[in-house]
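Data block below; observations after.
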Amino acid sequence: MRIPVTGADVERAVGFTVEELRGADAAVWGNRAGPMDCDCWDALEHLNNGVFSYATRLAPPVPYVQGRPTLLWDRGGERPLPLLTDRALGPDAALEVLLTVGGLVAAVADARPASARAWHVWGTGDPEGFAAMGVVETLAHGFDLAEGLGVPFEPPPELVAPALARLFPEAPGDTDPWPTLLWATGRGALDGRARRGPDWTWHAAPLSV
């Protein structure tokens, strides 16, 4: 039986990620973030804004639908995203933002009724789906950041498995959850399965019971 994803899972994911990344020296944050085409600073800002967007989609009384006016996500310029941190304050300040936006997703996902829906490019999701997106977004990019920063990163199976099952129902259920999530998000091969290309997606829409 599938274990539902809740806000507590999001908080665990961001807490684990922050704890692991805090071990890196500030001097290496200019390194490339694993497979991403940017440095670790930009990768963390991408992650913070992605997680923040999941909360803003579900939070309004009428959740987000495609084309509805919302935050200005692309402001132009060198750093176009709405959430930015002062890099002079060091990486801990940006990691604090991850804890903040993770807490927002957790609170909103748990507060909204199961019948709530909000648009995502990979399917109109329910609150559980957005909680799972918060977990997967955090852990996948946490892996990218850890590769760039040179720190270990292997979240526990019980944290990974519920979000993996929710967003990737096509993934094998008899393999270790963490390598399977890396395979599902195009970050590695798995038991003879070729590495997925950049066109991989997840299943945001509610799963059939």
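Conditions: (1) touching a residue at least 40 places away in the same chain (Cβ under 8 Å); (2) under 22 Å from P156 (Cβ atoms). M1 meets all but one. Number of the miss?
The failed condition is (1).
Tell me, please, whether a residue that is closer than 29 Å to A27 by Cβ and assigned to a helix (DSSP H, G or I) can be found in segment 175-198.
Yes, segment 175-198 has at least one match.
Taking only pairs six or more apart or across chains, which ones have beta-carbon atoms under 6 Å, a first residue in segment 30-50 that is more than 10 Å from H141 (Cα to Cα) and surrounded by fewer than 19 Cβ atoms within 10 Å (Cβ to Cβ), and a second residue that is among the acidic types (D, E) and at pLDDT below 95?
none
Restricting to segment 179-209, what's the tally of residues that are closer than 27 Å to W119 by Cα and either at pLDDT 95 or above or surrounded by 13 or more Cβ atoms within 10 Å (Cβ to Cβ) (or both)?
17
Scan segment 99-121 residue by residue and report those that are in a helix (DSSP H, G or I), over 14 Å from the mean Cα position of the chain (by Cα) and farther than 9 Å from A55 by Cα.
Within segment 99-121, D110, A111 qualify.
Do we have L164 as open to solvent by less than 20 Å² (accessible area, probe 1.4 Å), touching a helix residue (DSSP H, G or I) at 6+ places or on another chain (Cβ under 8 Å) and modelled with pLDDT of 95 or more here?
Answer is yes for this residue.
Looking at E158, is it free of Cβ contacts under 8 Å to residues at least 40 places away in the same chain, open to solvent by 50 Å² or more (accessible area, probe 1.4 Å) and in a helix (DSSP H, G or I)?
Yes; evaluated as a whole, the condition is true for this residue.
Mind telling me which of the residues T138, T124 ends up being in contact with a Ser or Thr (Cβ under 9 Å, 6 or more places away or on another chain), closer than 22 Å to N49 by Cβ and among the hydroxyl-bearing types (S, T, Y)?
When all the criteria are applied, what remains is T138.
Of everything in segment 136-155 that's open to solvent by less than 20 Å² (accessible area, probe 1.4 Å) and among the aliphatic types (A, V, I, L, M), which residue is farthest from W200 (Cα to Cα)?
Across segment 136-155, the extreme among qualifying residues is L149.
Is at least one residue of segment 168-183 small (G, A, S) and either touching a residue at least 60 places away in the same chain (Cβ under 8 Å) or more than 23 Å from T6 (Cβ to Cβ) (or both)?
No.
The values are calculated or read from the model by the stated rules, or taken from the named source; none is laboratory data. Every value quoted in this text rests on a predicted model; they were computed, and no experiment measured them. So basically every Cβ, Gly included, is an ideal-geometry build from the backbone, and we count neighbours across all protein chains shown. In case anyone asks, the SASA skips ligands and DNA or RNA and just uses the protein heavy atoms, side chains included. Shrake-Rupley method; radii C 1.70, N 1.55, O 1.52, S 1.80 Å.
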